[in-house]
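Here's the structure we're looking at; comments come further down.
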Amino acid sequence: MDNAGSAYAQERQITLLETLDRLLNKGVVVAGDVTLSVADVDLIYVGLRLLISSVETAREWGLSTCGEVRAGK
Amino acid sequence: MEGIYLYGIVGFPPALTGEICGLGETPVFLVPHGGLAALVGPSPLAPWPPDEIHLTRHEAVVEKVMGSRPILPVRFNTLFRSGEAVIALLDKQSQPFRSALDRVAGKVELGLRVLWEPPGNPEARLDQEAGEGGSGTEYLNRRLRDQRRQTSLRAAGEQVAQKVQARFRSLAVESWMRRLSTDRLLLSGAYLVERDRVDAFREGVAKAREEFSSLSFLLTGPWPPYHFVNGAHDDTGDALGA
């Protein structure tokens, strides 16, 4: 991969990690009427660790309209 | 069983321009109530896996809307059984949601992480390599040295962090920060910045890079105002005051 490409991939990875930090730890907390059990929450964090160690490539995440195939990398 | 996934809270009425595609490739729509609207989509009543595809899809929906109006971003995997339950939330939290929307109107969040090379201490590293072995006294000495190292690290970090933070606080309306969440991560900051001050903030980071050449600066954003919606939390939530 050329330098520009790997810088791009790195940037996408950072964006993903920053997104993850915000979406799971910040933002408005409302008690939705579907409560996740403690076990579910644990699962989320297990998934999180897997994600952090396994994200190698970053993807395009522009919005498509529903049903359209999303551009991927 | 089908439920409703909540992405964010916006003021009403602004019509959504164009179709926005949400989680599970389903269209996002607005549930209006009393001058507010919930940005929602249909969803099974089970948590979405927090992986790259789903996190970025949620984020993309919020960012798409954020371009045209203030939005309060809601935490990932907030699910409701019915539209009535969403309306009940808008009804009950009307006041905090309105003030939070006023607070973030016209502003975006910028994220800044500052890394440093912590002052080295070869002795500490040797101690770690020595592992769990040794007598009780050796163990206690090791613990003591480790504690001293942490204390001096914090003191040194505090000084640098304050200098850096002073730079950016004036460029933002509000700021949030955490120091030394790991030894290398000197500062994690979030800044609520007027849209037309974003470029000034970027320039501020560029200048700081020159001035503090031993530090690494990672600037991200513009983000929805994730760090600046506390106060809009639902009273019944278990994370109140977090």
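The values are calculated or read from the model by the stated rules, or taken from the named source; none is laboratory data. The model shown is predicted, which means the values in this text are computed figures rather than measured ones. Cβ placement follows ideal geometry from the backbone for every residue including glycine, while neighbour counts extend to all protein chains displayed.
Determine which single condition B:A46 fails, assuming it passes every other condition in (1) within 27 Å of B:Q95 (Cα to Cα); (2) within 25 Å of the chain's Cα centre (by Cα); (3) modelled with pLDDT under 90.
Here B:A46 clears every test but (1).
Kindly provide the set of residues from segment B:41-85 that are assigned to a loop (DSSP other than H, G, I, E, B) and among the β-branched types (V, I, T), ordered by number.
Of everything in segment B:41-85, just one residue is assigned to a loop (DSSP other than H, G, I, E, B) and among the β-branched types (V, I, T), namely B:T78.
Kindly indicate whether B:P32 is in contact (Cβ under 8 Å) with a residue 24 or more places away in the chain, out of contact with any helix residue (DSSP H, G or I) (no Cβ under 7 Å at 6 or more places or on another chain) and in a strand (DSSP E or B).
Values: in contact (Cβ under 8 Å) with a residue 24 or more places away in the chain: no; out of contact with any helix residue (DSSP H, G or I) (no Cβ under 7 Å at 6 or more places or on another chain): yes; in a strand (DSSP E or B): yes.
No: the conditions fail for B:P32.
Please name all residue pairs, on different chains or six or more residues apart, with Cβ atoms under 8 Å, provided the first residue is in segment B:217-240 and is more than 8 Å from chain A (Cβ to nearest Cβ) and the second residue is modelled with pLDDT under 55.
Partner pairs satisfying both residue conditions: B:N230/B:A242.
Sort out for me the strands (runs of 3 or more DSSP E) sitting completely within segment B:126-242 that have 1 or more residues that are over 30 Å from B:S68 (Cβ atoms) and at pLDDT below 90.
B:174-179, B:185-194
Considering each residue of segment B:87-100, count those that are within 11 Å of chain A (Cβ to nearest Cβ) and not charged (D, E, K, R), and give that number.
7
One line per residue, one yes/no per condition, for (1) within 30 Å of B:S152 (Cα to Cα); (2) hydrophobic (A, V, I, L, M, F, W, C); (3) buried (at least 17 other Cβ atoms within 10 Å of the Cβ); (4) in contact with a Gly (Cβ under 7 Å, 6 or more places away or on another chain):
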site	(1), (2), (3), (4)
B:F168	yes, yes, yes, yes
B:S175	yes, no, yes, yes
B:R184	yes, no, no, no
B:L192	no, yes, yes, no
B:F201	no, yes, yes, no
B:G204	yes, no, yes, no
B:A208	yes, yes, yes, no
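State whether the residues of segment B:68-78 include one that is among the aromatic types (F, W, Y), crowded, with 20+ Cβ neighbours inside 10 Å and more than 15 Å from A:G27 (Cβ to Cβ).
no
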